[in-house]
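Student: Below are the structure tokens for one structure; questions will follow.
All of the numbers you see were taken from the coordinates with simple rules; none came from a lab. Because the structure is a prediction, the values reported are computed rather than measured. Backbone-built Cβ (ideal geometry, glycine too); neighbour counts: all protein chains shown.
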Ligand SMILES: CC[C@H](C(=O)O)C(=O)SCCNC(=O)CCNC(=O)[C@H](O)C(C)(C)COP(=O)(O)OP(=O)(O)OC[C@H]1O[C@@H](n2cnc3c(N)ncnc32)[C@H](O)[C@@H]1OP(=O)(O)O
């Protein structure tokens, strides 16, 4: 009898770990008819710009969408570079936070229209969509607290990209705009699914069906923007974003990453599975150095 109970417990733990593992993986794989190498080769035909990653000692990484002459539009090589940078961040165990921003004074104007025109057939479009969904899902699931710093415009795919971050910071002149309908499209990089979870179905329907501009005031009202930052003469927008983020990433990386993981589980799993995942994550921090140190110090929370 005791053995049977133990066996069931063990099976449950394996199932639980399997679910957590699944969450870390790509949405599309070979079993979905997705051949990453095939689309990578195609994307390499559309070069230009870069995705730059700076991992700082303070545990905050800065990811720069860098193609200012085209308002930071995503070329094919930038899509593959984004995938590689996100993979690099997955292995960065000292990391706590991430800021995604654009070079120059703007965020991102979506896909490079030159590439879009060249692959405007459904087969290639679907492969690109699967590739970007995999990348942005992995970005969203990083155990880092992420912020999209939206300076200037976030249009089309750029608007979708900012929904893969935990928070969105706008600036007085910035705008987020899902222009897809005006292009005869709907979002395909996972932007619609994430937008609904951020602002609710009603607001998402308004934004997607009207391609309405979201300015900071409207962004704050519907919960798409988390704050509006105004850089001072002394510090630029990146510094202001880092300052805003610093509130949420104080303390050891193990604990900050665990916080992000429990929130991810709650966001993505049903209640029972989320509770089990929470237990597993809790098991990793309970009695760990940060916990023991806090107990030894007898900390008070006045
Ligand atoms: C819809 C879904 C799809 C996806 O999910 O994959 C997409 O994202 S498609 C792309 C959607 N985005 C657009 O359609 C943006 C089109 N561009 C604009 O509306 C304007 O350029 C704007 C508002 C971004 C900036 O306007 P502004 O007057 O400030 O500057 P310019 O128009 O002179 O732009 C400077 C320079 O950048 C080039 N540019 C801008 N966006 C793109 C882009 N997405 N792809 C390629 N090139 C882009 C623009 O053509 C100018 O180049 P130049 O050689 O100087 O004429």
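Student: Give me the percent relative contact order of the chain, please, defined on Cα pairs under 8 angstrom at least 6 residues apart.
Tutor: 15 percent.
Student: Another question, then. Measuring from centroid to centroid over Cα atoms, what is the spacing of the stretch 189-267 and the stretch 42-120 in Å?
Tutor: A separation of 18 Å, based on Cα centres.
Student: Looking at the chain as a GNM with Cα springs under 10 Å, which of 81, 273, 38 has the largest mean-square fluctuation?
Tutor: Of 81, 273, 38, the Gaussian network model singles out 38 as fluctuating most.
Student: Taking Cα atoms, how many degrees apart are the long axis of helix 76-90 and the longest axis of the chain, rounded to 10 and kept between 0 and 90?
Tutor: Approximately 20 degrees, to the nearest 10.
Student: GNM, the chain, Cα, under 10 Å: largest mean-square fluctuation among 183, 78, 132?
Tutor: Looking only at 183, 78, 132, the largest GNM fluctuation is found for 183.
Student: Can you tell me the orientation of helix 271-285 relative to the chain, as the angle in degrees between its alpha-carbon axis and the longest Cα principal axis, to the nearest 10?
Tutor: 70
Student: Set the Förster radius R0 to 30 Å, insert the Cβ-Cβ distance between residue 248 and residue 120 as r into 1/(1 + (r/R0)^6), and round the FRET efficiency to 0.05. Can you show the working numbers first?
Tutor: Values: r = 41 Å, r/R0 = 1.36.
FRET efficiency, residue 248 to residue 120: 0.15.
Student: Follow-up. When the helix-only estimate is applied to the chain (DSSP H runs of n ≥ 4, each -39,500 (n - 2.57), divided by the residue count), what is the mean residue ellipticity at 222 nm, nearest 500 deg cm²/dmol?
Tutor: So the calculated ellipticity at 222 nm is -16000 deg cm²/dmol.
Student: Calculate how many DSSP beta bridges within the chain are antiparallel, expressed in % of all such bridges and rounded to the nearest 5.
Tutor: Beta bridges within the chain, antiparallel portion: roughly 25 percent.
Student: Next question. If each residue of separation counts as 0.36 nm, what is the full-extension length gain between residue 282 and residue 31 once their alpha-carbon separation is subtracted?
Tutor: Using 0.36 nm per residue and subtracting the Cα-Cα distance, I get 87.0 nm.
Student: Rounded, prolate or oblate: which fits the stretch 251-302, taking a ≥ b ≥ c as square roots of the Cα gyration tensor eigenvalues, rounded meaning a/c under 1.5, else prolate when a/b beats b/c?
Tutor: Numbers: a/c = 2.42, a/b = 2.28, b/c = 1.06.
In terms of gyration-tensor shape, prolate.
Student: Counting other beta carbons within 10 Å of each Cβ, put 180, 301 in order, fewest first.
Tutor: 301, 180
Student: Helix 2-24 versus the longest principal axis of the chain: what is the Cα-based angle in degrees, 0 to 90, to the nearest 10?
Tutor: 20
Student: Under 1.5 on a/c is rounded, so check that first for the stretch 62-207, then, if it is not, pick prolate when a/b is larger than b/c and oblate when it is not; a ≥ b ≥ c are the square roots of the alpha carbon gyration tensor eigenvalues. Could you put the intermediate results ahead of the total?
Tutor: Values: a/c = 1.30, a/b = 1.16, b/c = 1.12.
Taking the square roots of the gyration eigenvalues as a ≥ b ≥ c, the stretch 62-207 is rounded.
Student: Still on this model: Could you work out how far apart the two model spin labels at residue 234 and residue 221 are, taking each label as a point 7 Å from the Cα in the direction of the beta carbon, and quote it in nm?
Tutor: So the label points at residue 234 and residue 221 sit 3.5 nm apart.
Student: Between 137, 75, 87, find the one with the highest GNM mean-square fluctuation for the chain; connect C-alpha pairs within less than 10 Å.
Tutor: Looking only at 137, 75, 87, the largest GNM fluctuation is found for 87.
Student: Could you pull the Rg and Dmax for the chain, using just the Cα atoms, both in Å?
Tutor: Values for the chain (Cα only, Rg and Dmax): 20.5, 71 Å.
Student: Still on this structure, I have one more. How far apart, in nm, are the 7 Å Cα→Cβ label points at residue 292 and residue 69?
Tutor: Taking the simple label geometry, residue 292 and residue 69 are separated by 5.7 nm.
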